[in-house]
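Novice: So that we are looking at the same thing, I have put the structure below in structure tokens.
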Amino acid sequence: MDLASGKQAAAVCDHDSRVLARRMFTGDAWVIEEILDWAAPIAAEAGFAGVVLGCEPTGHRWKPLLDRARARGVELVCVNPMLVNRGREEEDFTRDRSDFKDATIIAKRVAELRCYVPYQLEGHWCRLRHLGARRDDQLVTATAARQALRDLLECAWPAALQVAAKPLEALSWRAAMNVSTSPAVIAAMTYEDFAQAVGTELRRWGGTRRNHRILRALHAAAGAPGGVSSERDAACERAGFALADWHRALGEIDHVETLLLETLGALELVELAATIPGVSPVGVAAILAQTGDPARYDSARTWVKHAGLCPRDNESGTFAGTTTISRRGRPALRTAAWRAVWSALQHNPVYRARYQHLTTRAENPLRDGQARTAIAGALLRQLFIVVTRRVAWDPDIAAGRAHEPRTPDTATQKVAPVAA
């Protein structure tokens, strides 16, 4: 099947990829019942005992197929969209595209066994996946709103960004801007009234104490805002909208992270996740949200490949090019691991020492991004062991100082063999 929103192209093919029948069905993916009723007699008449259903994993549309097909005892397999795209050129060296042609290419890939059985999310792992997706969406929203706020103030009120080294990190500055993003409004207030209003808003941002140095500088900056005066009123009004979006997104992130920890607790993984210094349980939950149940993987290296962090050779004959990562697999998993590394390098002495070694070694030193990528891969491999074996992360094994698990004093002090 070639899936679409309003119509589904179905082709019945034999083991040699010859088309026995094809038909277009109107409706969403839930018309699979009608499609199977149509295909089964055609396959039986051709001498086949049954059918195998194949499709591309397009969005969420393959999930109704998986649900209905397995209910009827029919196996569903998925074909990587990249293989279908390459298959169009293999057919006749063109890039012609049509629904029936794609359905035929999918059937050919299935007959060649270039397909896989999809993973069905269930229980807490299903909830973890959707909560992780929600957190990613809100992180993007918060980052976009924050950047929009900075861009608008740089144009219309640049003096407001000079009152602190990192103004957007200061809760007092955020609360002050929540009073008003218009310099004219703040300049019309006395400092005492302004500070009192900031104190009221500060609680909404999670703060308790006002930074009067920042507030006095911001109140003074309102009298000499600088910037493009012709756009100041409109741009500052839009900056207020961006600030509200940022605040709302941060609240949503806090809420969904609470739910993530709740789900991680139901999986009995919160204490194990907390054994890796510098990596928060929320960061672990974000990674597990992308991997799903680790029991379905063969080894720790598969997580690295799934994230697209495995090395990709670039050699031929006497030529030796630059080795990069594959970037194949699940980009969101790569992003979750990358985010976890930033905090780990600051608070995890093992990872910090490893980073220092990789970037300063005499032979083949790595650049900053390359070293972070290597540590991200190590983190995924080590986390896989921690989760699958239910053992605590051990700094000695992670640093290569020990190769055999030590005898733990308690059940919660077990060690995890890891690959640096």
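Novice: Kindly check whether there is at least one residue in the stretch 195-209 that is within 30 Å of the chain's Cα centre (by Cα) and among the aromatic types (Phe, Trp, Tyr).
Specialist: Yes, there is a match, as at least one residue in the stretch 195-209 is within 30 Å of the chain's Cα centre (by Cα) and among the aromatic types (Phe, Trp, Tyr).
Novice: Continuing with this model, one more query. Just need a number here: residues in the stretch 271-326 that are part of a helix (DSSP H, G or I), hydrophobic (A, V, I, L, M, F, W, C) and crowded, with 17+ Cβ neighbours inside 10 Å.
Specialist: Count: 12.
Novice: Suppose we filter the stretch 111-129 for residues that are part of a helix (DSSP H, G or I) and in contact (Cβ under 8 Å) with a residue 40 or more places away in the chain; how many remain?
Specialist: Matching residues across the stretch 111-129 total 6.
Novice: Restrict the check to the stretch 39-52 and report whether at least one residue is in contact with a helix residue (DSSP H, G or I) (Cβ under 7 Å, 6 or more places away or on another chain) and surrounded by 15 or more Cβ atoms within 10 Å (Cβ to Cβ).
Specialist: Checking the stretch 39-52: at least one residue is in contact with a helix residue (DSSP H, G or I) (Cβ under 7 Å, 6 or more places away or on another chain) and surrounded by 15 or more Cβ atoms within 10 Å (Cβ to Cβ).
Novice: Could you tell me how many of the residues in the stretch 155-183 are assigned to a helix (DSSP H, G or I) and either loosely packed, with under 14 Cβ neighbours inside 10 Å or touching a strand residue (DSSP E or B) at 6+ places or on another chain (Cβ under 8 Å) (or both)?
Specialist: Residues flagged as assigned to a helix (DSSP H, G or I) and either loosely packed, with under 14 Cβ neighbours inside 10 Å or touching a strand residue (DSSP E or B) at 6+ places or on another chain (Cβ under 8 Å) (or both) within the stretch 155-183 amount to 2.
Novice: Applying the selection to the stretch 107-147, what residues are farther than 19 Å from Cys78 by Cα, among the small types (Gly, Ala, Ser) and open to solvent by 30 Å² or more (accessible area, probe 1.4 Å)?
Specialist: Those that are farther than 19 Å from Cys78 by Cα, among the small types (Gly, Ala, Ser) and open to solvent by 30 Å² or more (accessible area, probe 1.4 Å): Gly123, Ala133, Ala144.
Novice: On to the next question. Within the stretch 338-365, restricting attention to residues that are in contact with a Ser or Thr (Cβ under 9 Å, 6 or more places away or on another chain) and in a helix (DSSP H, G or I), which residue is nearest to Leu288 (Cα to Cα)?
Specialist: By that ranking, first place goes to Ala340.
Novice: Say whether the condition of being part of a helix (DSSP H, G or I), in contact with a Ser or Thr (Cβ under 8 Å, 6 or more places away or on another chain), under 17 Å from Leu149 (Cβ atoms) and hydrophobic (A, V, I, L, M, F, W, C) is met by at least one residue in the stretch 217-232.
Specialist: no
The values are calculated or read from the model by the stated rules, or taken from the named source; none is laboratory data. Predicted model only: the values in this text are computed from it and were never measured. All Cβ positions, glycine included, derive from the backbone under ideal geometry; neighbour counts span all protein chains shown. Each accessible area value is taken on the protein alone, full model and side chains, heavy atoms only, with ligands, DNA and RNA left out. Shrake-Rupley method; radii C 1.70, N 1.55, O 1.52, S 1.80 Å.
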